[in-house]
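Okay, so here's the structure we're looking at.
The numbers here are math on the coordinates, done by the rules we state, and not lab data. In this text the structure is predicted, and so the values were computed from the model without any measurement. Note: ideal-geometry Cβ built from the backbone for every residue, glycine included; neighbour counts use all protein chains shown.
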């Protein structure tokens, strides 16, 4: 650590005002605060000192995604060799997936951080940390076969239109990672859905349809077993398949208090309620999919744990979080089952509720004010 | 107006050139957004739409300006609408007669020129209070201002969404993934939300170049 401190101190004079490399000031600042807690403290007002800043809380979210990422890499290799009818060693499988997923991560971080740094430089503020999480989320929610330049375009769109246009990280209305995914989904549908994109270099004869697509098409007899879906040995977006890995992430988020358990719990309840409601009516095969299955299908678990809980775009009030989470779960299953054109309803449900989150908060706060006002009103 | 003022005095030139940028009907007055979303998938319909608005707006401005002292104030909106509707029907008939293919695509939107906010806006705000010649210039200026934005949006959307400009293929066929290349048209560009986002980006750029347009808080 001392060595890094020394190096940073050496460079510091050059990037400060008047230095030769002043243009890289934001970049330097980002690197410095990555390694060391900033020395700045508030001069007045707030007196609670806690070394956790948004950089550290974001890192915890990234750590929570690691299980899903590692499993996703392995699953990419597993699905590939499965489609070829071969069996491979654990390491060969993992390495194959690693070489497929790594470029996606590099592109997503590269494009996103470059834009962030340029904008930070232009506006003269620090590089915001928000993209740490988004940059990791984007590779996890796309199919493995998506062309890299599409990921780059979608990331640029999400960062510029989704975040910077609203004033930078922390001011965005929509979750940036989901904005990128929605952009990909509507702009390049043939690379984001269908049977061909979910398995890397798959053999031609092998059906690569995801369980979610099978369910939307009504072929529920083709659905894999609960165990397979729970462990995640199914085709799908890279990080979304394994409910187990996502549960580990959820545990980390809840234990550290970074992710809101209220949103996760109410989201799951919302999904279950809608699933059961559909089971009651059950007029077509995809409505007969058991409610528990719905929770394991597609990106439901991943979306509820990692995207719905995004502290920027979610509801802020405590009651609001319950309403917000419940409606996400409820709408996600509703869209998924009743609109076969958009089987990935989780994405749309979260984006929709992102837009409604401020409204929910407003009414929760107003209700609170009204309730308390009643208490103080003096009878005339 | 005094006879001394020439046809293209500084004041009159302003009527034409201001709407092109500083007082643009779409990006500054935020009028006529609906048609900017609807007809900008391809450049050709956007161009015909611009021409139609140009004709309707300039003639309507002149007509309303001519009768501005005869119109009873309480029914002025109806009178304006009658003028616009007559002109729109004329334009529609001309399009049907000479460019039938485009007219088939556009007839719904040409009809909707009647409700285009720019027309009502200019008639109410300008033609009712000014002489025919300035009103004519104002109509032309605003129609061009509208047309410029329409063409920019249509250019972006057609190039990225269909790989062509004015119907001519720009992106080589061999680039497409289905032909072994790497490129794919952006399907989102063809959908209306992208027109709104493109207009938004234009407003963003326009305002950061013209700081005086930004409202003070």
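Hey, does segment A:159-166 have a residue that's part of a helix (DSSP H, G or I) and away from chain B (no Cβ under 12 Å)?
yes
Number of residues in segment A:111-126 that are within 22 Å of residue A:64 (Cβ to Cβ) and either within 14 Å of chain B (Cβ to nearest Cβ) or surrounded by 24 or more Cβ atoms within 10 Å (Cβ to Cβ) (or both) equals 2.
For (1) closer than 19 Å to residue A:352 by Cβ; (2) within 13 Å of another protein chain (Cβ to nearest Cβ); (3) buried (at least 22 other Cβ atoms within 10 Å of the Cβ), each residue gets a yes or a no:
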{"residue": "A:144", "(1), (2), (3)": "no, no, yes"}
{"residue": "A:169", "(1), (2), (3)": "no, no, yes"}
{"residue": "A:181", "(1), (2), (3)": "yes, yes, yes"}
{"residue": "A:186", "(1), (2), (3)": "yes, yes, no"}
{"residue": "A:196", "(1), (2), (3)": "no, yes, no"}
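From the list A:106, A:151, the one residue that fits, being away from chain B (no Cβ under 14 Å) and either assigned to a helix (DSSP H, G or I) or over 29 Å from residue A:358 (Cα atoms) (or both), is A:106.
Residue A:190 meets all of the listed conditions (1) in contact (Cβ under 8 Å) with a residue 12 or more places away in the chain; (2) in a helix (DSSP H, G or I); (3) exposed (fewer than 15 other Cβ atoms within 10 Å of the Cβ) but one, namely (1).
Of all residues in segment B:153-176, those that are exposed (fewer than 15 other Cβ atoms within 10 Å of the Cβ) and within 11 Å of chain A (Cβ to nearest Cβ) total 0. Kindly establish whether residue B:69 is closer than 19 Å to residue B:113 by Cβ and in a loop (DSSP other than H, G, I, E, B). When the stated conditions are applied, residue B:69 does not pass them.
Taking segment B:177-197, which residues are more than 10 Å from chain A (Cβ to nearest Cβ) and within 19 Å of the chain's Cα centre (by Cα)? Listed by number, the residues that qualify are B:192, B:195, B:196. Scanning segment A:220-243 for residues that are free of Cβ contacts under 8 Å to residues at least 40 places away in the same chain and assigned to a helix (DSSP H, G or I), we see that the one that is nearest to residue A:350 (Cα to Cα) is A:231.
For segment A:258-292, what are the residues that are surrounded by fewer than 21 Cβ atoms within 10 Å (Cβ to Cβ), assigned to a loop (DSSP other than H, G, I, E, B) and in contact with a helix residue (DSSP H, G or I) (Cβ under 9 Å, 6 or more places away or on another chain)? Across segment A:258-292, the qualifying residues are A:258, A:282, A:284, A:290. In a residue-by-residue description of segment B:135-149, the property of being assigned to a helix (DSSP H, G or I), within 11 Å of chain A (Cβ to nearest Cβ) and closer than 28 Å to residue A:154 by Cβ applies to no position.
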